[in-house]
Every structure is written in structure tokens, then in C-alpha cells.
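Student: Once you've had a glance at the structure underneath, I'll fire off some questions.
The values are calculated or read from the model by the stated rules, or taken from the named source; none is laboratory data. Fair warning: this is a prediction, and the values are worked out from it, not measured in the lab. Cβ atoms come from the backbone with ideal geometry, glycine included; neighbour counts cover every protein chain shown. Heavy atoms of the whole protein, side chains included, go into the accessibility calculation; ligands, DNA and RNA do not. Shrake-Rupley method; radii C 1.70, N 1.55, O 1.52, S 1.80 Å.
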Amino acid sequence: MKMADPLAFPFKGDDETPNNPALPVLLYRDVMPARERRDAAAWFEGLFARHGWGDGWQNGIHPFLHFHTGTHEVLGIAAGRATVQFGGAGGRAFDVAAGDVVVLPAGTGHQRLDASADLLVIGAYPRNGRFDQKRPGDMGREAARRAVAAVPLPELDPVAGTDGPLMRLWGRT
């Protein structure tokens, strides 16, 4: 699938959140075809699985600041809408809605600030990562920075596979 580039937002680390100084957060707007909205969760699960992103889940987004130091994460908004803070306390709030996809590089702080009652998020991780979930203060800044830097790049773009923009924007091609 060829597509327009997602919006890309870099975030530097701070005292609470390592973020990922080498890789930007990617925000793909309205990637789900209208005909798929009837079973959006299954569509996102299938899309991510075809591109090597698994260990998925269905839920919302935690209301507390957290990050992953052992893996990248993709969030597909299957229903509803939310305002999510990316980048930790010094980051930026974004509105996301059904059909959007956010790819978070390892270390990126994120938390839900607001959401509709029908929010449904499909999350997944690349097969070459190691899941963990940290909050500020769970590990030292340098240890978090080293862990994030050691996470391998995903093998495929979770939205568009080998030809996806992530491959170029994150330096895979």
C-alpha cells in the first residue's frame, strides 16, 4: 500500500520520560477505509498482524504517563476519539479519532487526557521487541536511555509493510 507520509513529531527526553531522540512519533490520519468501519477492531488487528506487529490488545489508553523501554508500539483508533499527550510532561497533546494510527518509538511517554465513552484502541508490538511498561521513576534516566537506544527497528511499517513511510522516516531504507 502506497500512502502519504504520516505526520512526524520528534520528542527529546526529559527527567521523567526518555522519549526517543532518534525516532519521531508517527501519526497516520484516517487510514481505515470507510467500508471497514463496521469491524474496525478486526481490520486493525489483521493489518498489524500482516506487517509483523502482534501481541495485540483491545482497550483504551492509560490515563497515567507511561512508556516502553523494550519495544515500539502501534495504536489503531478503532472507535471514538481521544486527546493523548505524547512526549511526557513537556510533550504535546494530539486529538486522535477512529481510523487514525499512531506509531510510538520505544521510550515515548504517552497518556490519555480525555476520551469519548466509545473509545476503542487496538495496540500491537513488533515481533522483534520485548514488552515492558514503565512510569516515571521506575528506572534511572541513563538506564532508560540505554534500553531505548538498544531496541531494534521494526522489520515492517505496521500500516503499509515494506513500502511504508516508517521504513524511510525511521531509517530502515
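Student: Counting only protein heavy atoms and a 1.4 Å probe, tell me what percentage of the chain's accessible area is made up of carbon and sulfur.
Tutor: 49
Student: Tell me whether the stretch 93-173 comes out rounded, prolate or oblate; compute the Cα gyration tensor, take square roots of the eigenvalues as a ≥ b ≥ c, and use a/c under 1.5 as the rounded threshold.
Tutor: Oblate shape, in that a/c is at least 1.5 and b/c is the bigger or equal ratio.
Student: When the chain is treated as a GNM, springs tying every alpha-carbon pair under 10 Å, which of Gly129, Gly87, Gly76 comes out with the largest mean-square fluctuation?
Tutor: Comparing Gly129, Gly87, Gly76 in a Gaussian network model of the chain, the most mobile one is Gly129.
Student: If you take the Cα Rg of the chain and divide it by 2.2 N^0.38 Å, with N the number of residues, what do you get?
Tutor: 0.95
Student: Highest GNM mean-square fluctuation, the chain, Cα pairs closer than 10 Å: which of Arg146, Arg29, Arg81?
Tutor: Arg146
Student: From the phi angles alone, apply the Karplus equation (6.51, -1.76, 1.60; θ = phi - 60°) to the stretch 5-20 and give each ³J(HN,Hα) in whole Hz, x where the residue is Gly or Pro.
Tutor: With the stated coefficients, the stretch 5-20 comes to 4, x, 6, 10, 10, x, 9, 7, x, 9, 5, 9, 10, x, 6, 9 Hz.
Student: Next question, about the same structure. For the chain, what is the charge dipole size about the Cα centre, in debye to the nearest 20, if Lys and Arg each add +1 at the Cβ and Asp and Glu each add -1 at the Cβ?
Tutor: With only Lys, Arg, Asp and Glu charged at Cβ, the dipole is about 240 debye.
Student: So, one more: Roughly how many Å² is the accessible area per residue of the stretch 44-173, as a whole number, for a 1.4 Å probe?
Tutor: For the stretch 44-173, the solvent-accessible area averages 41 Å² per residue.
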